[in-house]
Structure formats: structure tokens, C-alpha cells
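Undergrad: Got a structure here, written out as C-alpha cells. Questions coming.
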Amino acid sequence: MNKNSLLTLYSWDNAKGVSYQIVSGRTLRIQSSAAYIDTRMDNAGKVSQVSFEERFCIKQGEVLKIVDEDFPMQFKVREIQPVSNVNNMFLLNSHKRTLSSHFLVPMLGKNREYFSFESYFVNAYLHKTSSRKEKLKFLYLLYMFSSSTEFSELETRLNKHPMYISCTSPDRTHLLYTFRIPEEYHNDVPLFLLGKYSKFSEPAEKAIIKFHGFGKSGIMYKILSKDEGLKKSMEKKLASTIPSHVELFDRPSWATETYTDKLKDS
């Protein structure tokens, strides 16, 4: 797949002096030639609004309308991140990457390129049903839709995947694919929700390492193996002792790992 198909700069409005770049299915990079900018922060100390002179303003929660190869899309700004080493440049994120994307998607097999992980892929979520047992057997994969040839090829791959079940359109910008998690990993999903990464089965651990291409020196491998060196490094940083039963990475939140209507961009 040609990732460059997502990296074309589009001029928004010359009068506003702003351009944007689609970095991935969940991130836009925006830059302005404005002589000055004004930023406002929320109670958590994060950027909630950016004004470029008095010509253009972006607010957290705002839905931007953009065009990808003549296809109109909507992009909801849920996070604004300044790029510290570049003047007047910000990253706008529509979704925060879930832990399911890192730990559960690999259980579907294949690799990052197969799932367009660095481009059209937005996030992975656990399947929301009334049965808790069923929730742990299915996975949603959310994608930003595109009219490009590359996206059409992606759709063909996903539809042919042996674990593919169905596809819906939650809003005009995204497609939501449902996959069945292979039975061999059904015992690993509850461990994931408990944050027991070092307790994953050997097949699950191998699938994660292979999918992301991590080496033994990588942070993910160290989390899965509960690496002693990583533990000591964290203890030094925290100035505290980490008990032997405690994992070396945050436990997932059920609320953020499940798809809800709040994540729609319209």
C-alpha cells in the first residue's frame, strides 16, 4: 500500500493562511503562516483552542470539514497537540489510540501493513453486546474512509479475512469492521482487561511481537516479559519499589476500550 496517498497537502483557505495534512486515520497536521497565534487551555492544562491571528480558530470538540480526493469528510477534533519544535504547527487527533489496538489486533494475525495500521486505521475496540462473554470474542476495527485505490484494496483484504464478520458505517467519515477473535486467544482477552500482560499465552505473545515487529530490546517485549531492567528503570524514575506482582504497564479501561456513539464524528 502506498501510504503517501494520505500525505498530500491540501490548501484550506488562502485567506486564512492555513494548510493541513492527513497524517493518519485519526490525525491531521495543521500549520499556519499567521504572524501570531493565541492558545487557550482547559482545566487539565491541555490546549482547548487555537486562534491564528483573527482569521481562523480551531476548538476542541469542533467538527472540521475536509476533502480527500473529492470525497467530503468530517473530522472531530478531540485533542490539540502543539508541535514544540515547529512554529504554528499542531496535531489534531480525533481518537486516542486504544490499548486494544496494540495488544488485541495482532491476535487477528497478518501484520501492520495488511491492516493499514499507520494510515487508514483509526482504532480497535471491544465488541459491545449485552453478554459479557460475547464482548470478549469480537473486535471492532475503525477506519477512516477514503475514495482512493489504496483504500479499496484495503477493503478487499479485510472482507477476505477469515475472521471478518461484517461492516457498518457509524458516520459519514468512518467504517467499522467487526472481526471474531480466534478461539485460541479467548483466554488472553480477560487477561488483557486485567492488565496481566505477562500472563499472556505464548501464541498471543508471539503474535503481538510479530505483528508490530518488536525486538527483545523494544518496550513492548519488555512489558510482555516483565523485564527486570525495565522494572528497575521504572522504580528509579518513580523513586519507589514496584511489587513483584505488579505489571509494568497500565491496565486498560473498559470505558475507553469499547466503541460508543460518543466516538462518532458527526
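Undergrad: When segment 113-123 is examined, which residues are found to be surrounded by 15 or more Cβ atoms within 10 Å (Cβ to Cβ) and assigned to a loop (DSSP other than H, G, I, E, B)?
TA: Once the filter is applied, which keeps residues that are surrounded by 15 or more Cβ atoms within 10 Å (Cβ to Cβ) and assigned to a loop (DSSP other than H, G, I, E, B), segment 113-123 yields Tyr114, Phe115, Ser116, Phe117, Ser119, Tyr120.
Undergrad: Just need a number here: residues in segment 229-251 that are basic (Lys, Arg) and either touching a Leu at 6+ places or on another chain (Cβ under 8 Å) or surrounded by 13 or more Cβ atoms within 10 Å (Cβ to Cβ) (or both).
TA: Total meeting the criteria: 2.
Undergrad: Also: Taking Phe145, is it of a type in the set (Phe, Trp, Tyr) and in contact with a strand residue (DSSP E or B) (Cβ under 7 Å, 6 or more places away or on another chain)?
TA: Criteria met by Phe145.
Undergrad: Answer with yes or no whether Lys226 is at positive phi, in contact with a helix residue (DSSP H, G or I) (Cβ under 6 Å, 6 or more places away or on another chain) and either modelled with pLDDT of 95 or more or surrounded by 11 or more Cβ atoms within 10 Å (Cβ to Cβ) (or both).
TA: Yes.
Undergrad: Looking at segment 58-97 only, could you name the residues that are of a type in the set (D, E, K, R), in a loop (DSSP other than H, G, I, E, B), at pLDDT 90 or above and surrounded by fewer than 17 Cβ atoms within 10 Å (Cβ to Cβ)?
TA: Residues satisfying the conditions are Glu62, Lys96, Arg97.
Undergrad: Here's a follow-up. Can you confirm whether segment 247-263 contains a residue that is in a helix (DSSP H, G or I), among the aliphatic types (A, V, I, L, M) and within 21 Å of the chain's Cα centre (by Cα)?
TA: Checking segment 247-263: at least one residue is in a helix (DSSP H, G or I), among the aliphatic types (A, V, I, L, M) and within 21 Å of the chain's Cα centre (by Cα).
Undergrad: Would you please name the residue that is farthest from Gly25 (Cα to Cα), looking only at residues in segment 166-204 that are in contact (Cβ under 8 Å) with a residue 40 or more places away in the chain and among the polar types (S, T, N, Q)?
TA: Residue satisfying both the conditions and the ranking: Ser198.
Undergrad: Hey, another quick one. Six or more apart or on different chains, Cβ under 9 Å: which pairs go from a residue in segment 93-114 that's under 14 Å from Gly213 (Cα atoms) to one that's among the small types (Gly, Ala, Ser) and part of a loop (DSSP other than H, G, I, E, B)? Could you list them?
TA: Asn111/Gly213; Arg112/Gly213
Undergrad: Moving on. For segment 5-57, name all the residues that are of a type in the set (Ser, Thr, Tyr), at pLDDT 90 or above and either loosely packed, with under 13 Cβ neighbours inside 10 Å or farther than 28 Å from Phe151 by Cα (or both).
TA: Across segment 5-57, the qualifying residues are Thr39, Ser48, Ser51.
Undergrad: State all residues of segment 174-223 that are closer than 30 Å to Lys76 by Cα, out of contact with any helix residue (DSSP H, G or I) (no Cβ under 8 Å at 6 or more places or on another chain) and either outside the structural domain of Glu113 (by TED's automatic domain parsing) or not hydrophobic (A, V, I, L, M, F, W, C) (or both); if no residue qualifies, say none.
TA: Within segment 174-223, His174, Thr178, Arg180, Gly195 qualify.
Undergrad: Kindly provide the set of residues from segment 168-200 that are of a type in the set (S, T, N, Q), more than 18 Å from Pro252 (Cα to Cα) and surrounded by fewer than 15 Cβ atoms within 10 Å (Cβ to Cβ), ordered by number.
TA: Thr168, Ser169
Undergrad: Looking at the structure I just gave you, is Ser233 out of contact with any strand residue (DSSP E or B) (no Cβ under 8 Å at 6 or more places or on another chain), over 18 Å from His102 (Cα atoms) and outside any helix (DSSP H, G or I)?
TA: no
Undergrad: Over 30 Å from Ser94 (Cα atoms), buried (at least 16 other Cβ atoms within 10 Å of the Cβ) and charged (D, E, K, R): is that true of Asp265 in this structure?
TA: No; evaluated as a whole, the condition is false for this residue.
Undergrad: I would also like to ask the following. Please give the number of the condition Ile165 fails out of (1) farther than 25 Å from Ile66 by Cβ; (2) β-branched (Val, Ile, Thr); (3) surrounded by 14 or more Cβ atoms within 10 Å (Cβ to Cβ).
TA: (3)
The values are calculated or read from the model by the stated rules, or taken from the named source; none is laboratory data. Values in this document were obtained by computation on a predicted structure and should not be read as measured data. Note that each Cβ is placed from the backbone with ideal geometry, even for glycine, and that neighbours are counted across all protein chains shown.
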